[in-house]
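Undergrad: Just dropping this structure here.
Every number in this text was worked out from the coordinates using simple rules, so none of it is lab data. What you see is a predicted model; the values in this text were computed from it and never measured. Neighbour counts run over all protein chains shown; Cβ positions are idealised from the backbone, glycine included.
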Amino acid sequence: MRSHLLNGTTAESYRRSVTEGVERVADKLASVRGPFTGTTPAELAPVIDAVDLDRPLGDVSAALEELEDVYLRDAVYFHHPRYLGHLNCPVVIPAVVGEAVLSAVNSSLDTWDQSAGGTLIERRLIDWTAGRAGFGPAADGVFTSGGSQSNLQALLLARQEAKTDDLSKLRIFSSECSHFSVQKSAGLLGLGAGAVVSVPVDAEKRMRATALAAELAACRAEGLVPMAIVATAGTTDFGSIDPLPEIAELADEYGTWMHVDAAYGCGLLASPTRRHLLDGVERADSVTVDFHKSFFQPVSSSALLVRDGATLRHATYHADYLNPLRTVAEKIPNQVDKSLQTTRRFDALKLWMTLRVMGADGVGGLFDEVCDLARQGHALLAADSRYEVVVEPSLSTLVYRYVPAGDADPEAVDRANLHARKALFASGEAVVAGTRVDGRQYLKFTLLNPETTAADIAAVLDLIAGHAEQYLGENLVHA
Ligand SMILES: *Cc1c(COP(=O)(O)O)cnc(C)c1O
C-alpha cells in the first residue's frame, strides 16, 4: 500500500497515474455532446450504491474505468456552450494546472511553517485585488472557500465593529435581491430573526438609495443600531449593481460598515472596458470576491478584502500549538490570524498561474465577452414575441419567461415555464436556471462561457418554446 503514497520514490507512478486521469478528462471534454445526459437520481443512485467501498480495485486505471460509470459520463459539464444554468464558469487551463500543483504539494495556508512561499503568494494576490478595488496600503484580506464564507466573515467584522453587546439591536440592510448568505450569516452571528432589513429595488433591480435612507432613519429613530449595509455588485439573478457611491454616502452618514458583495461582479476588476461599473467600491469597508465565478477559476477560490486590515483582528485567536502570540512579535506571516478557517487550501495558486499566463486583461476580456453576449441575448429576447424579459443585463444573466400568444391562465404559464426547464434538463441538450419574479416563474441564462454564441441562445430559446408549447397543448387537451 506504500506504493500509493506520493513521495520521492513514487514520483514516476504519480506521473503515470495523473496523466491517465488527465487523459480521460481530456477525452471526455472533447467528446461530450451536451452539458448533461439527463440522468436522474433514481437511475444513478443504484450505480453508486453498488460500489463496494470495502473491496478496493487496487489500481488507478481500474478506478478511473469505474469513474466513467459513477461520475464522468453523467456529470454536468460547464465547458459546454449550452450550459447556461447557475453561476458556474468553464475554467482556464493555467488555473487547472495550479490546482494539480497545489493538491500534490498540499500546502496549508494557515501558517508560514505549513506553506512558506504559498503564504506570500496569497498575500500578493490579496494586495493585487485590493489595489484593483481601489483600496489603499492599509488594506488586507484572506482567501476563503466561497462567497458565503466571505460574507459571513465580513459581517462578523461588522458585528464586532458595531460595539454593542445587545445583539438584538443590530440591523443589516441589504436589497431584496441580495444573496441568501446574508440571512444565513445573520443567524450564525446570533442576530435576531428580524435583523436583516430587506430594502426594495428599482426597476433595474438595484437597491433604492432613497428607501435605504428611510430604513436607516427609522432604525436610528427606534434606537436600533445599523450594523452593516450590504451592497450587491452583481445580484445572483439579475447581475444588477447597487448604487455604490450613494450607499457609501449613507454608510458614512450613519457610521455603518459597508460591505460590497461582489461575488459575481468581481470580474469587473479585471475588465478592460467595464471597470467603471464598480466605481464606489473603494469606499467599502469590505468586499467579497468569488474568483470561481467571474475569473474562470476552479471551485473553490474566493476572498474577503478589507479596507482597513486591522479589522481582521476580530478573527484572530492564538494557539500554542499553531500560531503562538510570539509569532506576531517575530513577524512570522500566519494567515490563520486573519481567517475563520484553519487548515486551508492554497487556492491562490490558481489565480497566480492565471495572471502569470494570461494577465488581468486576458481573464477580464473573457468576462467582457460574456457580458457582450448577454446584450445580444437580450436583443434576441426583446425581439421575440414568445418571450418576456425582465431587465437589460448589467453583467451576464438574462431572466425571462415564455408567454403564449393570447390570454392564458398565469398558473398554467408558470407551470409551462417550469416544465420547459425540467424537460430541457432531462433531454441533456441544454441547462438553464430558474427563479421567481413578483411571484411568477421565470427562467434564467447565466452566461459565463465565452464559447457560447448568440446562435446557441437562439437555439435554446426554440427548444424552450417547443417544450412550453407542448405542455400547454397537452394541458388544454386534458382540461
Ligand atoms: C454566489 C454568490 C454568493 C455565494 O458564493 P458561494 O461561493 O456560492 O458561497 C454570494 N453572493 C452573491 C451575490 C452570489 O452570487
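Undergrad: Looking at the stretch 249-256, is at least one residue of a type in the set (Val, Ile, Thr) and surrounded by fewer than 19 Cβ atoms within 10 Å (Cβ to Cβ)?
TA: no
Undergrad: Consider the stretch 321-362. How many of its residues are among the polar types (S, T, N, Q) and buried (at least 20 other Cβ atoms within 10 Å of the Cβ)?
TA: Number satisfying all stated conditions: 5.
Undergrad: If you don't mind, there's one more thing I want to ask. Sort out which residues of the stretch 48-100 are closer than 15 Å to Gly428 by Cα and part of a loop (DSSP other than H, G, I, E, B), and write them in order of number.
TA: Arg73, Asp74, Ala75, Val76, Tyr77, Phe78, His79, His80, Pro81, Arg82, Gly85
Undergrad: Can we say Thr129 is among the β-branched types (Val, Ile, Thr) and either surrounded by fewer than 17 Cβ atoms within 10 Å (Cβ to Cβ) or within 19 Å of Arg313 (Cβ to Cβ) (or both)?
TA: So Thr129 does not fit the description; no.
Undergrad: Tell me yes or no: at least one residue of the stretch 268-275 is more than 15 Å from the ligand (Cβ to nearest atom) and more than 20 Å from the chain's Cα centre (by Cα).
TA: For the stretch 268-275, residues more than 15 Å from the ligand (Cβ to nearest atom) and more than 20 Å from the chain's Cα centre (by Cα): present.
Undergrad: Further question: Which of the residues spanning the stretch 113-124 are assigned to a helix (DSSP H, G or I) and more than 21 Å from Ala138 (Cα to Cα)?
TA: Within the stretch 113-124, Asp113, Gln114, Gly117, Gly118 qualify.
Undergrad: Name the helices (runs of 4 or more DSSP H) wholly inside the stretch 147-246 in which the number of residues that are within 16 Å of the ligand (Cβ to nearest atom) and surrounded by 16 or more Cβ atoms within 10 Å (Cβ to Cβ) is 1 or more.
TA: Of the helices (runs of 4 or more DSSP H) lying wholly inside the stretch 147-246, those with at least 1 residues that are within 16 Å of the ligand (Cβ to nearest atom) and surrounded by 16 or more Cβ atoms within 10 Å (Cβ to Cβ) span 147-161, 181-188.
Undergrad: Do we find that Ala248 is on the phi < 0 side of the Ramachandran plot and in contact with a helix residue (DSSP H, G or I) (Cβ under 6 Å, 6 or more places away or on another chain) in this structure?
TA: The answer is yes for Ala248.
Undergrad: If you don't mind, there's one more thing I want to ask. Out of the stretch 125-146, which residues are free of Cβ contacts under 8 Å to residues at least 24 places away in the same chain and either among the small types (Gly, Ala, Ser) or assigned to a helix (DSSP H, G or I) (or both)?
TA: Asp127, Gly131 - these are the residues of the stretch 125-146 that are free of Cβ contacts under 8 Å to residues at least 24 places away in the same chain and either among the small types (Gly, Ala, Ser) or assigned to a helix (DSSP H, G or I) (or both).
Undergrad: Name the residues in the stretch 118-146 that are within 16 Å of the ligand (Cβ to nearest atom) and in contact with a Lys or Arg (Cβ under 6 Å, 6 or more places away or on another chain), would you?
TA: If the condition is that a residue be within 16 Å of the ligand (Cβ to nearest atom) and in contact with a Lys or Arg (Cβ under 6 Å, 6 or more places away or on another chain), then Val142 is the only one that fits.
Undergrad: Any chance you could count how many residues in the stretch 299-320 are part of a loop (DSSP other than H, G, I, E, B), free of Cβ contacts under 8 Å to residues at least 40 places away in the same chain and not β-branched (Val, Ile, Thr)?
TA: Qualifying residue count for the region: 4.
Undergrad: I would also like to ask the following. Determine which member of the set Arg375, Arg401, Arg421 is touching a residue at least 12 places away in the same chain (Cβ under 8 Å), in contact with a Leu (Cβ under 7 Å, 6 or more places away or on another chain) and in a helix (DSSP H, G or I).
TA: After ruling out the rest, the residue left standing is Arg421.
Undergrad: Hey, any hits in the stretch 167-174 for a residue that's out of contact with any Leu (no Cβ under 9 Å at 6 or more places or on another chain) and not hydroxyl-bearing (Ser, Thr, Tyr)?
TA: no
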